[in-house]
Each structure stands twice: as structure tokens, then as C-alpha cells.
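**Q** Sending over a structure as C-alpha cells; questions will come in a sec.
The values are calculated or read from the model by the stated rules, or taken from the named source; none is laboratory data. Computed from a predicted model, the values in this text were never measured in an experiment. Here the Cβ positions follow ideal geometry from the backbone for every residue, glycine too, while neighbour counts run over all protein chains shown. Note: accessible area is taken over every heavy atom of the protein model, side chains too, but ligands, DNA and RNA are not part of it. Shrake-Rupley method; radii C 1.70, N 1.55, O 1.52, S 1.80 Å.
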Amino acid sequence: MANITIREFPAHAYEILSAHGFPSVLARIFAARGINHPEQLETTFARMASFEQLKNIQRIAVLLADAIAAKKRLLVIADYDTDGATACAVALRALRQFGAMVEYLVPNRFEYGYGLTPEIVRLAADQIPPPDILITVDNGIASVEGVEEANRLGMQVFITDHHLPGDRLPDAAVIVNPNQPGCSFPDKHIAGVGVIFYVMLALRAELRERSAFTATGKEPNLASLLDLVALGTVADVVRLEGTNRILVQQGLQRIRNGYCCAGIHALFNAAGRDFSRITTYELGFILAPRLNAAGRLDDMSLGIECLLTEDESHALRLASELDELNRQRREIESGMRDEAMDKLDDVIDLLNQSDTPADNGKQSVYSLCLYDPAWHQGVIGLIASRVKDRLHRPAIVFAQGNDGEIKGSGRSIPGLHLRDALDLVAKRYPGLIVKFGGHAMAAGLTVYERHFEQFRTAFEQVAQSLLTPADLIQVIETDGELAETDLTLELAQYLTNQVWGQGFPEPSFNGCFRVENQRIVGEKHLKLKLRKTGAAQVYDGILFFHTERLPTEIDAVYRVQINEYNGSTRMQLLLEHWFESGQAHYG
């Protein structure tokens with residue numbers, strides 16, 4: 001079941017934007033996203049939050065500058081997703097420009113799991129020569145034991161992270177994290193790559209004060225790293241507001257103008273995409289999956305090397321390997337998705353027993369936990385996302401780990417903060433969860449295989465205590481209907497060039513259409529000719545991954561986009577949801 005609701009917007013914000021010349025449709029779109037003045041849409045560097053607002057930023061800059069001057073050996077401890085890979089590349093590229101002796105180490109998710117674990121610390125200490133300082137990027141805030149081990153072995157730890165801290169902070173030499181207690185940085189949703197970029201800005205300022213660039217007469221241009229910052233920020237699905245929007249827009253502009261590293265350029269080539277026309281979609285759904293495939297199936301070092309190399313031919317070879325890994329990932333995911341959906345049959349039958357979950361004493365399911373020993377640990381997060389989308393329930397999918405453990409990856413829905421829910425399970429049932437971490441909408445955890453059913457029951461109890469029946473009904477938000485005069489190529493082009501993403505969703509609209517023509521293209525997509533009810537104009541439409549014929553009359557939720565084909569540029573309606581005429585519920 002789903003409800004279609006129209007995004008509300010403050011009248012005063014709409015009036016201000018209209019008075020500044022915004023057409024009605026754009027005024028209501030931006031007002032509904034919290035914009036009440038045109039300057040909020042500006043993406044100049046001058047509007048970025050200052051690095052001085054980050055707690056401990058000056059201290060880490062001094063410590064890093066001292067370490068560079070003393071020729072200390074630095075080792076960046078990365079994460080195995082795109083945010084972690086880009087953060088690692090930003091750190092290494094900047095630190096090497098500053099004259100640092102720095103290398104990196106990224107945990108293999110299948111051997112060591114996530115973050116600065118004691119095992120990773122010992123692996124770092126075994127390097128010849130061993131590092132003096134460990135710098136975490138996109139991880140570390142939960143690494144209490146790992147930092148203790150580093151301290152025991154005589155290595156300092158500098159933590160840069162953006163994840164939510166637990167009850168206890170690690171005993172690191174310095175921690176930079178906008179979400180740590182006492183940090184006044186306004187943009188709490190900045191990604192891990194954004195945090196390390198800010199650290200590098202502060203370090204450059206400190207080195208400037210020390211006249212470190214006098215000999216060369218030229219400071220490193222950190223704007224050259226914005227392609228990496230934009231990619232990591234979009235890929236981590238953080239809220240694209242404030243500083244994040246600026247970083248992404250500036251990075252996109254550099255990429256479109258051809259100013260990107262050899263690795264990103266090679267990834268576009270491997271994907272067959274034109275970098276000059278990219279949007280946040282290409283960053284999040286074309287490049288990021290190719291980088292993530294390395295961390296999911298192999299070793300993220302492959303992705304990091306692609307982002308670090310200056311050799312174009314080497315970058316192309318690495319991008320080709322990443323592209324092939326992504327093909328393998330899709331095949332594995334497809335098989336696991338089919339198996340997971342089969343397991344959901346009983347759940348769907350149970351849900352269909354009652355239109356209103358938990359009504360009249362009927363049994364209900366508020367959460368979904370699935371496990372199969374044959375499933376691949378690298379793609380369980382993707383499957384959890386598919387399951388969550390299918391039934392609009394928080395979902396956790398598990399795969400086999402080591403030593404009797406199973407690894408879980410979860411995705412949530414509005415109304416349930418996943419990390420907090422896991423924390424509640426851990427407090428109610430001490431010892432049931434081996435370890436966990438994450439965000440509101442995504443989290444990871446480890447339990448023992450023998451405890452799976454107990455965990456599933458405990459998580460369901462917590463979900464029922466935190467969610468209401470109304471939370472289990474999917475709400476599809478739109479920006480209302482578009483008049484024929486608004487359905488133009490110019491609107492599609494304007495919207496395409498904006499920065500959309502988490503917390504600043506790309507506009508979608510709803511309307512009633514007559515399906516004038518429909519045919520299958522590419523063996524798996526439905527190409528449409530659509531006419532708005534009572535109107536004369538016929539529009540091109542597309543419904544991806546759908547081959548069954550639609551009814552003649554439909555209610556649709558759609559986005560307007562640009563379709564370029566055979567040298568022609570036209571507007572196209574991309575259908576996201578459809579209902580037989582009269583079946584959509586608006587509320």
C-alpha cells in the first residue's frame with residue numbers, strides 16, 4: 001500500500017522566491033526543500049562553513065605539520081566503500097603535495113571487517129618500516145580497542161570520521177568528527193571525504209603560517225581534489241544541503257569542464273559515459289558502484305589505486321578491472337535478490353492478511369531479517385535495500401562470516417533510526433550483538449550464527465516498539481501536478497543542472513495520463529507515448545525494467561528528464577510509480 005502526498009511549502013518562502021523572478025513551479029519546488037531566499041542556492045566557496053568550526057581542527061593541523069617537518073611516517077587507514085576510497089585518495093594526494101611521507105592501508109572486509117580493529121593495527125605495525133602515525137578516514141570513531149592497541153604499540157592515532165559516536169570515544173591523539181560532543185560545525189551530515197578535505201584545508205593554512213611554501217612560491221591547489229570530494233559525498237548518500245551541496249556542485253563543474261583525475265576520467269570511459277554532461281546520478285549510480293565493487297568482491301586497494309594514479313593508461317586498465325568486477329557483482333546480486341524474494345513469500349502472505357498492520361490483534365511483521373549461508377557478504381547491503389524497498393520495512397540481510405559469526409547489513413525506513421534500534425537491542429540483550437555501527441538509514445552488525453533467530457525476534461520487538469502502523473505504509477512525495485505550459489525541455493534542462501540527492505530530493509510530479517502507445521525497448525524497458533487527461537500534447541515516456549503492458553488510463557508519479565537520441569534532444573517523462581486510473585490514494 002502507498003499514499004501519494006504533495007510536498008507542502010511555506011507560503012512566505014514561495015512569495016519571496018517568486019518576487020526574485022523564479023517561475024511558479026521552481027518557487028514551489030525550492031520552497032518545499034527549505035529554500036526561502038535565492039542566496040541559499042548559491043554554491044560559491046564563500047558560502048561554505050569555515051573549517052575553524054570543526055572541533056580539534058587546529059590541533060590536527062599542528063600535529064600533521066609537525067609530523068611532516070619531522071619526517072614521520074604516516075599511514076592512512078581507509079574504508080572499503082566509495083566514501084572511504086575517495087577520502088583516502090584526497091588524504092594521500094594532499095599530504096604528498098605537502099611533502100609528507102604517507103602510505104595507506106585498507107581493510108579487506110572479508111578478513112578484517114570494518115574500521116581500525118586491533119588486527120588492522122597489528123598489520124600496520126608489521127610494515128617495514130612501521131608507521132609513526134595512523135590517520136583514519138571515514139572510520140575510527142568506534143575503534144576503541146583498535147586505538148588502545150595502537151597506543152600500546154607506540155603509534156599515535158589521528159581520527160577523521162563522520163559517523164555517530166558511541167558512549168565512549170577512542171583514546172586517540174586527536175579526533176575530528178562533526179558529530180562528536182562539543183563540535184559546533186553546522187553541517188553535521190558532511191561525508192567522510194568532506195571531513196578529510198577540511199582537515200587538508202586547515203593543514204594548508206597551518207603550513208602557510210609556517211612559510212612552508214616559500215621555497216616553491218606556489219601553494220597546492222586543493223580545489224583539484226573536488227572531483228573526488230563530490231564523488232564520495234554523493235556515493236555516501238548524505239544530505240545534500242549546505243556545505244555538501246557546494247562541494248558537490250563545485251566538483252561536478254570541474255568534472256564537466258574536464259578537470260578530473262585520471263581515474264575518474266577512466267571510470268567514465270569504462271562506463272561509456274560523457275563526463276561533460278554528468279549529474280549526481282552518474283556519480284551515485286554509475287561511478288560509485290564500480291568503485292564499490294572492488295570493496296564488495298575483491299580489495300578496495302584496486303579502487304584507491306585507480307583514484308591515485310596519474311598514468312592515464314594505467315587508470316584505464318584499473319577502470320576496466322573495476323568495470324568487470326561490477327558486472328560480476330550484478331550477477332551475484334541478481335541471484336541473491338531472486339532467492340531473497342522467494343524467502344519473502346511467507347512474509348508477504350502474512351502482511352496480506354491485514355490491510356492495517358497489527359490491527360485487531362492480527363499478527364504483523366514490522367521488520368525483516370534474512371540469512372542464507374550461501375549468500376555473498378559483499379552484496380548483502382544491496383539486497384537489504386531491495387527488500388526494504390519491496391515491503392517498506394527495515395531490513396537486515398546476513399551472510400556467513402568467520403568463526404561461527406554472520407555479518408549483517410541493514411537498511412531502514414523513515415521512523416526507525418537503525419543504529420539506535422541496534423543499540424537498543426544490544427542494551428536489552430547484552431552479548432547478543434558482537435558489534436555494530438552505522439547511521440539512521442544504514443548500519444552493519446555481527447552476531448553469532450547460532451543467535452540469528454534470537455536476534456531476529458529481538459529486532460522485531462524493538463521495531464514494534466519504535467514504529468507505528470502508519471510508518472509501515474509507504475508515502476510517495478511529489479511536487480504536485482505540472483501544467484502543460486510547464487512540461488518543457490527548458491524545465492528538464494534546468495532541473496538536470498541542479499544538485500539533487502539525499503535531503504534535497506530531485507523533483508517528481510504526479511498526473512493522470514492516457515497511454516497512447518507502448519512498446520518494449522532493450523528487451524526490458526517500456527517506451528511510452530503519454531497524453532495528459534484532457535490535453536492535446538503527447539509526451540515521450542519511459543518505464544525502466546518493466547515489460548508488462550500498462551492500462552489505458554494511469555495515475556503516474558514521474559520525473560522530467562532530457563532524452564538525447566540520434567542527435568535529437570527531447571523532454572521525456574521517467575515513470576517512477578504508476579497506478580491504474582482511480583487506484584492511487586492521495587493523502
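**Q** So which residues in segment 499-529 are part of a loop (DSSP other than H, G, I, E, B) and without any contact (Cβ under 8 Å) to a residue 40 or more places away in the chain, if there are any at all?
**A** Gly522, Glu523, Lys524
**Q** So, one more: Is it the case that some residue within segment 62-70 is in contact with a Ser or Thr (Cβ under 6 Å, 6 or more places away or on another chain) and crowded, with 22+ Cβ neighbours inside 10 Å?
**A** No, every residue in segment 62-70 fails to be in contact with a Ser or Thr (Cβ under 6 Å, 6 or more places away or on another chain) and crowded, with 22+ Cβ neighbours inside 10 Å.
**Q** Now for a separate question. Please go through segment 368-389 and pick out each residue that is free of Cβ contacts under 8 Å to residues at least 60 places away in the same chain and either in contact with a Leu (Cβ under 7 Å, 6 or more places away or on another chain) or in a strand (DSSP E or B) (or both).
**A** Leu368, Leu370, Val387
Per-residue answers, yes or no, for (1) surrounded by 16 or more Cβ atoms within 10 Å (Cβ to Cβ); (2) in contact with a Cys (Cβ under 6 Å, 6 or more places away or on another chain); (3) under 19 Å from Leu54 (Cβ atoms); (4) free of Cβ contacts under 8 Å to residues at least 40 places away in the same chain:
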position: Asn151; (1), (2), (3), (4): yes, no, no, yes
position: Asp161; (1), (2), (3), (4): yes, no, yes, yes
position: Leu169; (1), (2), (3), (4): yes, no, yes, yes
position: Pro181; (1), (2), (3), (4): no, no, yes, yes
position: Ser184; (1), (2), (3), (4): no, no, yes, no
position: Lys188; (1), (2), (3), (4): no, no, yes, yes
position: Gly192; (1), (2), (3), (4): yes, no, yes, no
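**Q** Another question, then. Out of (1) in contact (Cβ under 8 Å) with a residue 24 or more places away in the chain; (2) more than 30 Å from Glu8 (Cβ to Cβ); (3) open to solvent by 70 Å² or more (accessible area, probe 1.4 Å); (4) out of contact with any Asp or Glu (no Cβ under 7 Å at 6 or more places or on another chain), the odd one out for Asn566 is which?
**A** (1)
**Q** All but one of (1) within 18 Å of Phe45 (Cα to Cα); (2) open to solvent by less than 10 Å² (accessible area, probe 1.4 Å) hold for Ala293, so report the exception by its number.
**A** All conditions are met except number (1).
**Q** Testing Gly438 on (1) within 18 Å of Val387 (Cα to Cα); (2) surrounded by 15 or more Cβ atoms within 10 Å (Cβ to Cβ); (3) in contact with a strand residue (DSSP E or B) (Cβ under 7 Å, 6 or more places away or on another chain), one condition comes back false. Which one is that?
**A** (1)
**Q** Further question: Name the residues in segment 115-142 that are closer than 20 Å to Asp161 by Cα, open to solvent by 10 Å² or more (accessible area, probe 1.4 Å) and assigned to a helix (DSSP H, G or I), would you?
**A** Within segment 115-142, Pro118, Glu119 qualify.
**Q** Check off (1) in a loop (DSSP other than H, G, I, E, B); (2) of a type in the set (A, V, I, L, M, F, W, C); (3) more than 20 Å from Ala78 (Cβ to Cβ); (4) open to solvent by 10 Å² or more (accessible area, probe 1.4 Å) for Val237 and give me the number that stays unchecked.
**A** (3)
**Q** I'm trying to understand the selection: among the residues of segment 95-110, which are free of Cβ contacts under 8 Å to residues at least 60 places away in the same chain and under 19 Å from Ser301 (Cα atoms)?
**A** Arg96, Met101, Val102, Glu103, Leu105, Pro107
**Q** Another question, then. From (1) farther than 21 Å from Arg168 by Cβ; (2) part of a helix (DSSP H, G or I); (3) of a type in the set (S, T, N, Q), pick out the condition that doesn't hold for Asn151.
**A** Checking Asn151 against (1) farther than 21 Å from Arg168 by Cβ; (2) part of a helix (DSSP H, G or I); (3) of a type in the set (S, T, N, Q), the one that fails is (1).
**Q** Looking at (1) open to solvent by 20 Å² or more (accessible area, probe 1.4 Å); (2) part of a helix (DSSP H, G or I); (3) hydrophobic (A, V, I, L, M, F, W, C), find the lone condition where Leu95 falls short.
**A** Just one mismatch for Leu95, condition (1).
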